[in-house]
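No lab work stands behind these numbers, since they all come straight from the coordinates. None of these values were measured; they are calculated from a predicted model. Positions of Cβ are generated from backbone atoms using ideal geometry, with glycine treated the same way; all protein chains shown enter the neighbour counts.
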Amino acid sequence: TPVTFYARTASELLPARVLPRVFGPGDVDVTEAMPLPDAITGSSGQWFELRNNTPATLNLSGLTVESLGSDTGFTIPDGVSLDAGAYLVLGQSRDTLANGGAPVDVEYGFDVQLIVPGGVEVKAGPTTLGSLSWDQASAVQSKSVIPSIRPGDLLYASGYTPTVCPRTATYGSLGMFG
């Protein structure tokens, strides 16, 4: 709901209407991550997925994303919104040949470095809205193609508990699991 503020000048009272942004823990969650891309894609194949858990479209501009275990981070740029219940993929590259075919919506380059063990969290100021973390065992598999990590594979997840299914299907031209 818009809020109206008034400012007084020497001769008049001026109204200003703003739509406040209020976020709470669990409103935006990290639902999946690819911290260790396949050797074919190299380090530019890292990505993670956010989900809007609220019943409204959220303006994500200005939220920060931090890599747990490293000092890297990223501020979501202006104009990025996420519909109610929708997902958004952020990654090092939008180039599907470089990222294993992931449908990256927002590119962050190398501002965020996902490490193992580690994790990723999304924040509004000091408030953590959602996070996903992993250890060495959940991030590394014995297969040559390393699957992405989902909350069923992890040590800690905040917010809602998503439905998790085995990742047996591949996507993209490089056959990444997802």
Problem - Peptides 73-83, 114-124 ordered by average Cβ neighbours within 10 Å, highest first - result: 114-124, 73-83
Problem - Label-point gap, in nm, between LEU68 and GLN136 - each point 7 angstrom along Cα→Cβ - result: 1.8 nm
Practice task
Provide the net charge surrounding ASN59, with neighbours chosen by a C-beta distance below 14 Å and charges set as Lys +1, Arg +1, Asp -1, Glu -1.
Solution key: -2
Practice task
Subtracting the Cα-Cα distance from 0.36 nm times the residue separation, let me have the gained length for ASP78 to THR127 in nm, one decimal.
Solution key: 15.7 nm
